[in-house]
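Reviewing the structure listed below.
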Amino acid sequence: MNTIHGCGLGLRREFLDEISAHGFLPDWWEITPENWIVMPYHRREKFELALHHRKAVAHGLSLSIGSTDALDVDFLKTLKTFFDRYGIEHYSEHLSYSALGGAQSYELLPLPMTEETIKRVAQKVKEVQERLERPLILENATYYYIPKSTMSEREFIGRVLEESGAKLLLDVNNVFVNSVNHSFDPYAFIDSLDAKHVSYIHVAGHYDDKESGLLIDTHGRAVREEVWKLLSYTLQKMDVPVMLERDNYVPTLAEIQIEYQHMKTLYTEVRRG
Amino acid sequence: MQDFFDKSLGKSPFEKNASVGEKVYQELVLHRFTEVISQAFPILSATASGEDLNEAIKAFVKIAPSTPYIWQVPQNFWEWEQEKKLLNLPYFDDLCWYEWTEIELMMEVFEPLHVNTFSWEIEWKVDASVRLRELSYRVFESEFKNKGQWFMLAWYDRDKAITCYQEIDQVLYLFMHYLQTMSFQESLYNVSIEADVSEQEMQTYLFDALNHLAHKGVLTPKEIL
């Protein structure tokens, strides 16, 4: 991501009224295209104002890249029109699937980590890139269950990146959540990644679900201290932009600014060495 | 993949020895649907039995919509429940129209408005944002017991960026209804016949209401003046 630097923030409709050229602005925005493609009349101007002041990266939800279904060509055309209109150069999605047989679950479901999946995803990544005329970045997703697989997550991600040529959106919170739920060392996971494959980083909050005994990736809470520590460690290993996600229980822009500044300070300190 | 997908949607049961992690996906999917439906239909969520609504959404999840835009799911649920009638609420259709119209109009992009003073001398049309509905329940006042006949006009106010609702009488409803597909004169003629009055009498009767609607942008001149 040559044109994106520093610390980003997820643009949520709750922030729109607070955005001004003289107020707080992150270094860049991340936007969910599915939430903005069909734009309420009164939000368009404010959305365009936000993107006028800062560059944006798109982070999608509905591509379902791992599905055995064919890609939704109409959806891709809509995405391309939207990206072209707003000058969005970078598009990331999840290494998972959410739709099958034409039906949507709207949840990121875990993929079988197999050669067959790698081939399918790699082929679809290439098709997406051709149709959108821009690179696709893939995010390591959380998973609470491992479908029948023949390799580890780390190997699976590495092979998908290798076969597809896609870059990685490294979600540090997802690494932490998965490490607790599946008992592995998150620091060793970070160590095993090749920094040149990482495009940017996500950081978010999660929920400790006592009933299931699992950590759940909710994006609805403040980032936990353990995740900040893992982010700090990760940033020492790779010089890439980082972005704060909040999708549920979205606070005001003024409130999330505090958490953003924490991330920015951490980022700046690591960069200074 | 299909087997796990079906289980996550609740279409088929988990095996007895299924892991907690496997089962949690069913809850996550259901939560996702429940959240978006209850946010779009807050009055429905507050008035319907929580248990019944939960069961209806669970059944709806199994047929899973195909739209990649999750905000459209409540409309799919409305259409599906209209047919299935699992909730067995006589006012369901009216209430969903009332709640969904607000979202539908908010999510559309309308041309800028040209507000004018009403006059019978020029040709008018109904604004693209206008929605008309004959209701059997006064859902707009959260009254769900007494059945009757009410007429509702909804439109999008560009300046305030809100969906507006106004209860109107049957004559105005009919006139607006005709005007959506007919010329101004044809609409006036038809509504006069239905009300069994002269066109001049009908003009007098409708003038204040139409003037009000012209100022609100509900009626706009066919050609910009």
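The values are calculated or read from the model by the stated rules, or taken from the named source; none is laboratory data. If you're wondering where the values come from, they're calculated on a predicted model, not measured in any experiment. Note: ideal-geometry Cβ built from the backbone for every residue, glycine included; neighbour counts use all protein chains shown. Heavy atoms of the whole protein, side chains included, go into the accessibility calculation; ligands, DNA and RNA do not. Shrake-Rupley method; radii C 1.70, N 1.55, O 1.52, S 1.80 Å.
If you plug the beta carbon distance of A:Glu115 and B:Asp3 into 1/(1 + (r/R0)^6) with R0 = 25 Å, you get a FRET efficiency near 0.80. Each listed q (0.13, 0.15, 0.17, 0.19 Å⁻¹) maps to a log10 I(q)/I(0) for segment B:124-221 from the Debye sum over equal C-alpha point scatterers, namely -0.47, -0.62, -0.78, -0.94. Pairwise Cα distances in segment A:7-272 exceed 34 Å for 14 percent of all pairs. Projected label points at B:Ser198 and B:Ala46, each 7 Å from Cα along the beta carbon direction, are separated by 5.0 nanometres. The angle between the Cα long axis of helix B:50-63 and the main principal axis of chain B comes to about 80°, on a 0 to 90 degree scale.
Wrap a convex hull around the Cα atoms of the protein assembly as shown, take a quarter of its surface area, and give that in square nanometres. It would help to have the intermediate numbers written out before the result.
Numbers: hull surface 106.0 nm².
Reported value for the Cα convex hull: 26.5 nm².
If one takes the longest principal axis of the Cα atoms in chain B, at what angle in degrees, from 0 to 90 and to the nearest 10, does the Cα axis of helix B:170-179 lie? Rounded to the nearest ten degrees, it is 90.
Residues whose amide H lies under 5 Å from that of B:Trp124, counting only those 5 or more places away or on a different chain, are B:Phe184, B:Lys222; hydrogens are built 1.01 Å from N in the peptide plane. Segment B:171-187 and segment A:112-187 have Cα centres separated by 58 Å.
Rounded, prolate or oblate, given the Cα gyration tensor of segment A:1-70, with a/c below 1.5 counting as rounded?
On the way: a/c = 2.83, a/b = 1.47, b/c = 1.93.
Because a/c hits 1.5 or more and a/b fails to exceed b/c, segment A:1-70 counts as oblate.
Over the C-alpha trace of segment B:2-89, radius of gyration and Dmax come out as 13.4, 40 angstrom.
Computed from the Cβ-Cβ distance with R0 of 45 Å, the FRET efficiency linking A:Glu127 to B:Tyr189 stands at 0.20. What number comes out for the charge environment of A:Asp84, summing +1 per Lys or Arg and -1 per Asp or Glu over other residues with Cβ under 14 Å away? Charge balance in the 14 Å sphere: +3.
Measuring between alpha carbons in the structure, the pairs from B:Lys23/B:Lys85; A:Lys80/A:Lys210; A:Lys167/B:Lys16; A:Lys148/B:Lys84; A:Lys119/B:Lys11 lying more than 31 angstrom apart are A:Lys80/A:Lys210; A:Lys167/B:Lys16; A:Lys148/B:Lys84.
Only protein atoms count toward the accessible area here, which uses a 1.4 Å probe; on segment B:1-43, the carbon and sulfur part of that area reaches 52 percent. Take the Cβ atoms of A:Asn248 and B:Val115, set R0 to 45 Å, and the FRET efficiency comes out at 0.70.
Does segment A:87-222 classify as rounded, prolate or oblate by the C-alpha gyration tensor (a ≥ b ≥ c root eigenvalues; a/c under 1.5 gives rounded; else a/b over b/c gives prolate, otherwise oblate)? Note, shape of segment A:87-222 comes out rounded. Place a point 7 Å from Cα of B:Trp80 in the direction of its Cβ. Which residues in segment A:99-139 have their backbone N less than 16 Å from it? In segment A:99-139, the label zone of B:Trp80 (backbone N under 16 Å from the point 7 Å along Cα→Cβ) covers A:99-107. Relative to the longest principal axis of the Cα atoms of chain B, the long axis of helix B:20-40 makes an angle of roughly 10 degrees. With a/c under 1.5 counting as rounded, go ahead and sort chain B into rounded, prolate or oblate using the C-alpha gyration tensor (a ≥ b ≥ c being the square roots of the eigenvalues; past the cut-off, prolate if a/b is larger than b/c, else oblate). Judged from the Cα gyration tensor, chain B comes out prolate (a/c at least 1.5, a/b above b/c).
Solvent exposure of B:His215, expressed as accessible area, is near 90 Å², computed with a probe of 1.4 Å over the protein chains only.
Under 16 Å of direct C-alpha separation, and excluding same-chain neighbours fewer than eight residues apart, B:Lys160 reaches these lysines: A:Lys46, B:Lys216.
Roughly how many debye, to the nearest 20, is the charge dipole of chain B about its Cα centre, given +1 on each Lys and Arg Cβ, -1 on each Asp and Glu Cβ, and no other charges? Kindly include the intermediate steps, with their values, before the conclusion.
On the way: 19 positive and 36 negative charges, 183 e Å.
Result for chain B is approximately 880 debye, rounded to the nearest 20.
Between chain B and chain A, roughly 3200 Å² of accessible surface gets buried, counting both sides and using a 1.4 Å probe.
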